[in-house]
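Accompanying notes for the structure given below.
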Amino acid sequence: VQLNESDPTNGRTAVSYPDLQAWRKQSLSFEAMIAYGNVSKDLQGIGEPERISAVWAERGLFQMLGVQPLLGRVFRKDDPLNVVVLSASLWKSRGGWKSSGCGRKRILDGESYTIVGVMSDAFQFPYRNPRTLLWLPWEAPWQYAENRNYRVDFVVARLKHNVSTNAARNEINVISKRLEANYPQTNEGRRAVITSDQKTIV
């Protein structure tokens, strides 16, 4: 499922990172919640520079989705931020078919990244975006951990087995009301929105 927030002034918005942390700590309905967002990067170093679509995500994304790479591995908890997982189509188009590709360096926006894995073209995330060509690990800057105005673009989550979306909705909004009571200046009227299969369940 997808998690967003809404408020009376702005409607649906990105998620406050401290709110996401509270959902993680206080909710019993979810196996995991992962922040992510879309970004574009200049890929340089082999052939002509190319602007490509990418996704940044917290390191647990692939584990939560339960997917395995075609080659190499996915992100580990101890990975630095300058590693990358490629789509198979990008790997092949840039000469990767000549070897495993893993361990090679690629230049993105002028910075060096190490390829650690390649995902099959059968895999796509976000699911409605077939253009994603690579995935980058991300973590919240430490100085924003308590900044209630610091937001992440999207949150994807996995429900625990036998937990209904309605039950998760009810629980997450109890947490939202608790946050509103504790932080009225930033959270007044703010509620969680759960979306599944393009259907909003508020």
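The values are calculated or read from the model by the stated rules, or taken from the named source; none is laboratory data. Since the model is a prediction, treat every value here as computed from it, not as a measurement. Using ideal geometry, Cβ is built from the backbone for each residue, glycine included, and neighbour counts are taken over all protein chains shown. Side chains included, ligands, DNA and RNA excluded: accessible areas come from the protein's heavy atoms. Shrake-Rupley method; radii C 1.70, N 1.55, O 1.52, S 1.80 Å.
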Quick test for you: out of Pro137, Pro126, pick the one residue that is within 16 Å of the chain's Cα centre (by Cα) and in a strand (DSSP E or B).
Pro137
Looking for something assigned to a loop (DSSP other than H, G, I, E, B), out of contact with any helix residue (DSSP H, G or I) (no Cβ under 7 Å at 6 or more places or on another chain) and at pLDDT 85 or above - is there at least one such residue anywhere in segment 84-105?
no
Residues of segment 102-146 that turn out to be aromatic (Phe, Trp, Tyr), open to solvent by less than 40 Å² (accessible area, probe 1.4 Å) and farther than 24 Å from Thr195 by Cα, as a count
1
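Just to be sure before I move on: is Val39 at pLDDT 90 or above, under 17 Å from Lys160 (Cβ atoms) and of a type in the set (Val, Ile, Thr) in the structure I sent? Give the steps one after another, and end with the answer.
Numbers: at pLDDT 90 or above: yes; under 17 Å from Lys160 (Cβ atoms): no; of a type in the set (Val, Ile, Thr): yes.
So Val39 fails the test.
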Just a yes or no: is a residue in segment 50-58 open to solvent by 30 Å² or more (accessible area, probe 1.4 Å), in contact (Cβ under 8 Å) with a residue 60 or more places away in the chain and within 30 Å of Thr114 (Cα to Cα)?
yes
Starting from segment 158-184, take each residue that is of a type in the set (Lys, Arg) and list its partners that are assigned to a helix (DSSP H, G or I), counting only C-beta distances under 6 angstrom and pairs at least six apart or across chains.
Arg158/Met64
Please indicate, with yes or no, whether at least one residue in segment 64-83 is part of a strand (DSSP E or B), touching a residue at least 24 places away in the same chain (Cβ under 8 Å) and among the polar types (S, T, N, Q).
no
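Do you know which residues across segment 18-45 are in contact (Cβ under 8 Å) with a residue 60 or more places away in the chain and closer than 20 Å to Leu134 by Cβ? Spell out how you get there, then give the answer.
Of segment 18-45, the ones in contact (Cβ under 8 Å) with a residue 60 or more places away in the chain are 18-23, 26-39, 41-45.
Result: Ile34, Ala35, Tyr36, Gly37, Asn38, Val39, Lys41, Asp42, Leu43, Gln44, Gly45.
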Candidate set: segment 8-43, residues that are part of a strand (DSSP E or B) and under 22 Å from Glu188 (Cβ atoms); chosen: the one most open to solvent (accessible area, probe 1.4 Å)
Arg12
